């Protein structure tokens, strides 16, 4: 998937904002992870899940990529079922080498 395919017409304003922000992160890797996750699961998330998702989305993209790929250890505060579900949407990042993540 390379962009938004889900209609947001049936979403409430909060979910519409989150969906847009998930696809417009700043780095493409996080667009793909959060965008695909939000398209698939956003409509069914509870208010508590939405709160947690917004906290996750406030983190720096480069940190999120390193946590999702395992390049850096996941902070305990994000060792949650929701973060694991988000991380399961990661595409194959093998072309994104350690060098691209600033670890060269």
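Values quoted throughout were computed directly from the atomic coordinates according to the rules given, and no laboratory measurement underlies them. Every value quoted in this text rests on a predicted model; they were computed, and no experiment measured them. Quick reminder, even Gly has a Cβ in these numbers, built from the backbone with ideal geometry, and neighbours come from all protein chains shown.
Of note:
- An oblate overall shape is assigned to segment 13-87, the ratio a/c of its alpha-carbon gyration tensor axes (a ≥ b ≥ c) being 1.5 or greater and a/b not exceeding b/c.
- Exposure proxy order (Cβ contacts within 10 Å, fewest to most) of 29, 60: 60, 29
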